[in-house]
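> Pasting a structure here, questions to come.
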Amino acid sequence: MSDFNQPLGGNDMPRFGGPATMMRLPSATTAEGLDAAFIGVPLDIGTSNRPGARLGPRQIRDESRMLRPYNLATRAAPFDSLQVADLGDVAINTFHLPKSMDIITAFYDEVLGHDCTPLTLGGDHTVTLPILRAVAKKYGPVGLIHVDAHADVNDTMFGEPIAHGTPFRRALEEQLIEGTRVVQIGLRGTGYSAEDFDWCRRQGFRVVTAEECWYRSLAPLMDEVREQLGAGPVYLSFDIDGLDPSVAPGTGTVEMGGLTGAQGLEIVRGAWGLDLVGGDLMEVAPPYDPSGNTALMGATLLYEMLCVLPGVKRGV
Ligand code: MN
Ligand code: MN
């Protein structure tokens, strides 16, 4: 009998029943005693196009019911190694984006204060900024693996500095991330100028466009990413629209020609060995996801993030 929390098994309760937590884990009201926690942030008032990501955390939790504890590909056994629970949702103010930013940072300050690694169910990508504010307070500027169709480095949107298309410019300005330890993967589509991604390159980011990923395994790329990011703390931010709409249609700002589901898994699995201090899965918008498969992909990627956290044992 393990001392660690376990997901409720599919032979103990039908998978369509039981608690509506991430992977049907126990819920917790404090991060005290936890090594890692799943946290929902039901915010989409930073969204520029189709809304709906506020409903993401619930749908990701629902679809996560199918996930079993052991990783058959990597042999990771996260629930034999770490104390994990679902901390529920951050009580954002859905009428006030700036106030919500502070509410989110305060929540993550508390979680990180207990040395608990946060894995976030988004929510639109605005949410990553207040999380990084808390993360950098604890660790200093971190490295970043950012998977997305979009660079999310606009200066402003409609004149506003805080929106789902600006978090990584703000994060760099606020020295929450280190420019030379940032890798953006999956960028593509149309821009406001042909040079949009060059701003990222000038900051020292490595930009890996979707086209550079087509038709190939991303395992060799991740070897290079691990080399570049080195031993320091790293945050992983995964916008589900980095994947192709054929596998992840349920999101607000769809771009054609994205990564495959397998490439998404390779990226997260390729973070194994890094000092991962947090991760998020953003922009799942259930209204455009009638099959639930986008949310299931999101849940799966969050589970894979858990599997690559420092301290997770792997079978042989
Ligand atoms: Mn994004
Ligand atoms: Mn995006």
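Readers should treat all values here as calculations from the given coordinates under stated rules, not as data from a laboratory. These numbers were taken from a predicted model, which means no experiment stands behind them. Neighbour counts run over all protein chains shown; Cβ positions are idealised from the backbone, glycine included.
> Based on the Cβ-Cβ distance from Tyr215 to Phe158, what FRET efficiency comes out when R0 is 35 Å, to the nearest 0.05? Numbers along the way, then the final one.
Numbers: r = 38 Å, r/R0 = 1.08.
About 0.40, to the nearest 0.05.
> Now for a separate question. Using amide H atoms built 1.01 Å from N in the peptide plane, name the residues 5+ places from Val182, or on other chains, whose amide H lies under 5 Å from its own.
Sorted by chain and number, the residues that satisfy this are Leu144, Arg206.
> Calculate the spin-label point distance for Gln6 paired with Tyr70, positioning each point 7 Å from the Cα along the beta-carbon direction, and give it in nanometres.
Reported label-point gap for Tyr70 and Gln6 is 1.2 nm.
> On C-alpha positions alone, give me the angle between the axis of helix 219-229 and the longest principal axis of the chain, in degrees, nearest 10.
Between helix and principal axis, roughly 80 degrees.
> While we're on this one: In whole angstrom, how long is each semi-axis of the equivalent ellipsoid of the chain, when you take the square root of 5 times every eigenvalue of its Cα gyration tensor and sort them from largest down?
Values: eigenvalues 148, 89, 81 Å².
Those come to 27, 21, 20 Å.
> Quick one: plug the Kirkwood hydrodynamic radius of region 1-118 (C-alpha pairs) into Stokes-Einstein at 20 °C, 1.002 mPa s, and report D in µm²/s. Don't skip to the end; give the middle numbers.
Values: Rh = 15.5 Å.
Reported coefficient: 138 µm²/s.
> Considering amide H positions built from the backbone, and no H for Pro or chain starts, which residues 5 or more places from Ala28, or on another chain, come under 5 Å of its amide H?
For Ala28, whose amide H was placed from the backbone, the distant partners under 5 Å are Asp86, Leu87, Gly88.
> Helix 128-139 versus the longest principal axis of the chain: what is the Cα-based angle in degrees, 0 to 90, to the nearest 10?
Rounded to the nearest ten degrees, it is 70.
> Related question: What are the ³J(HN,Hα) values, in whole Hz, obtained from phi via the Karplus relation 6.51 cos²θ - 1.76 cosθ + 1.60 with θ = phi - 60°, for each residue of region 77-84 in sequence order, with x given for Gly and Pro?
Values per residue, Gly and Pro as x: 10, x, 8, 9, 10, 10, 8, 10 Hz.
> So what J values fall out for region 117-124 if you push phi through Karplus, 6.51 cos²θ - 1.76 cosθ + 1.60 with θ = phi - 60°, rounded to Hz, Gly and Pro as x?
With coefficients 6.51, -1.76 and 1.60, one gets 7, x, 10, 9, 9, x, x, 7 Hz.
> No solvent, one uniform scatterer per C-alpha: report log10 I(q)/I(0) for region 185-286 via the Debye equation at q = 0.17, 0.22 1/Å, two decimals.
For region 185-286, the Cα-only Debye profile gives -0.86, -1.35.
> Compute the long axis of helix 97-113 from its Cα atoms, compare it with the longest principal axis of the Cα atoms of the chain, and write down the angle in degrees, 0 to 90, nearest 10.
It is inclined by approximately 50 degrees.
> Under the Karplus relation 6.51 cos²θ - 1.76 cosθ + 1.60, θ = phi - 60°, what is the ordered set of whole-Hz ³J(HN,Hα) values for region 60-69, x standing for Gly and Pro?
Per-residue couplings from phi come out as 4, 4, 4, 5, 5, 4, 7, 7, 9, x Hz.
> Next question. For region 205-237, which chymotrypsin sites (Phe, Trp or Tyr not before Pro) pass both filters: DSSP loop (anything but H, G, I, E, B) and at most 15 other C-beta atoms within 10 Å?
Values: sites: Phe205, Trp214, Tyr215, Tyr235; in loops: Phe205, Trp214, Tyr215.
In loop regions of region 205-237 (DSSP not H, G, I, E or B), the sparsely surrounded chymotrypsin sites (Phe, Trp or Tyr not before Pro) are Trp214, Tyr215.
> Quick one: the Cα spread of region 44-200 along its three principal axes, in angstroms, biggest first?
48, 36, 33
> For Ala149, enumerate residues with amide H under 5 Å from its amide H, sequence gap 5+ or separate chain, H modeled in the peptide plane.
Under 5 Å from the amide H of Ala149 lie the amide H atoms of Asp241, Gly242, each far enough along the sequence or on another chain.
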